[in-house]
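The values are calculated or read from the model by the stated rules, or taken from the named source; none is laboratory data. Given the structure is predicted, the values throughout are model-derived calculations rather than measurements. Don't worry about glycine lacking a Cβ; one is built from the backbone with ideal geometry, like all the others, and counts go over all protein chains shown. When the accessible area is computed, the model is the full protein with side chains, heavy atoms only, and any ligands, DNA or RNA have been set aside. Shrake-Rupley method; radii C 1.70, N 1.55, O 1.52, S 1.80 Å.
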Amino acid sequence: MKPYAKYIWLDGRILKWEDAKIHVLTHALHYGTSIFEGIRGYWNGDNLLVFRLEEHIDRMYRSAKILGINIPYTREEVRQAVLETIKANNFREDVYIRPVAFVASQTVTLDIRNLEVSLAVIVFPFGKYLSPNGIKATIVSWRRVHNTMLPVMAKIGGIYVNSVLALVEARSRGFDEALLMDVNGYVVEGSGENIFIVRGGRLFTPPVHESILEGITRDTVIKLSGDVGLRVEEKPITREEVYTADEVFLVGTAAEITPVVEVDGRTIGTGKPGPITTKIAELYSNVVRGKVEKYLNWITPVY
Ligand SMILES: CCC[C@H](NCc1c(COP(=O)(O)O)cnc(C)c1O)C(=O)O
């Protein structure tokens, strides 16, 4: 397999891609005991701008606390590791940044309290994750894990089997993305995104206590909504509200702002990206590339 990058940061060292290896008895490989982040860096022609790096690092530490592992580096060391990894590879294009902290001890015990934790940072070139012109989604049979069963507010590796099963079901049925209901039948998330709907000129998204990841892009859209003359209302969303929405869009670091133009064969609105979705997507694209003065505090330039 062709490496996606020359260098990777692992436990304080910049290693060549082919040398960044772990043992097959690594705890996280067996039990999903890792926490990770997905962060984007945008090339704006003369610098690479990491978007909301601080918020992602903060969530990493929240995820670690929820799982009960200790990241053996300070926030500043993690921040520097991200910037160093990008610089070591001298990336001058859009990139995806994947920090992952994982239980590294070679043991099969389930008691992780005194086990070692490693940190890796992998960065690679990354373009569009889903089509910005609109995707077709389906509500899958796998439910979103309820937060009384697994702490879905944390980005824990093992929980992503839920997302894998959902996306594979959707794709094998010819759809681009999965929408998941929670145990109560509300539509709560995509396999890797938060969901927003527009109905009657109002913008809705499920509340954080509805078994969703506390998305940073979700937070960005909530903060940007005022700029497009709307206020986001947080409420559980039913299947029927999705089907009869004027607009539906999915948001995430990878997905950015992705319009959903069809759900289970029902056309959403005109079947094209709606006006509010388009306005938010355009504003988001300008914000992440450092073109909107008032949001420059969300940008970390690399070079
Ligand atoms: C495979 C996971 C990819 C990852 N998904 C992010 C993600 C989001 C959106 O969160 P944020 O806006 O903070 O990114 C919501 N919900 C889930 C289940 C996610 O995996 C991403 O990088 O977008």
Residue, nearest to the chain's Cα centre (by Cα), within the stretch 171-208, restricted to residues that are open to solvent by 50 Å² or more (accessible area, probe 1.4 Å) and closer than 22 Å to residue 272 by Cα: 176
Scanning the stretch 257-270 for residues that are in a loop (DSSP other than H, G, I, E, B) and free of Cβ contacts under 8 Å to residues at least 12 places away in the same chain, the one surrounded by the fewest Cβ atoms within 10 Å (Cβ to Cβ) turns out to be 265
Would you confirm, using the coordinates I've provided, whether residue 242 is among the hydrophobic types (A, V, I, L, M, F, W, C) and either over 20 Å from residue 185 (Cα atoms) or part of a helix (DSSP H, G or I) (or both)? yes
Requiring at least 2 residues that are open to solvent by less than 70 Å² (accessible area, probe 1.4 Å) and within 14 Å of residue 100 (Cβ to Cβ), the strands (runs of 3 or more DSSP E) wholly within the stretch 2-72 are 7-10, 34-36
Does the stretch 165-174 contain any residue that is of a type in the set (S, T, N, Q), in a helix (DSSP H, G or I) and either closer than 26 Å to residue 283 by Cα or in the same structural domain as residue 61 (by TED's automatic domain parsing) (or both)? no
Single residue of the stretch 158-193 satisfying the filter (among the hydroxyl-bearing types (Ser, Thr, Tyr) and over 15 Å from residue 250 (Cα atoms)) that is nearest to the ligand (Cβ to nearest atom): 160
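Every residue, every condition in (1) touching a Lys or Arg at 6+ places or on another chain (Cβ under 7 Å); (2) not aliphatic (A, V, I, L, M), yes or no:
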residue: 144; (1), (2): no, yes
residue: 149; (1), (2): no, no
residue: 178; (1), (2): no, no
residue: 190; (1), (2): no, yes
residue: 198; (1), (2): no, no
residue: 205; (1), (2): yes, yes
residue: 213; (1), (2): yes, no
Quick check on residue 93: is it open to solvent by 70 Å² or more (accessible area, probe 1.4 Å) and within 24 Å of residue 291 (Cβ to Cβ)? yes
Would you check if there is a residue in the stretch 209-225 being surrounded by fewer than 20 Cβ atoms within 10 Å (Cβ to Cβ), within 16 Å of the ligand (Cβ to nearest atom), at pLDDT 95 or above and in a strand (DSSP E or B)? no
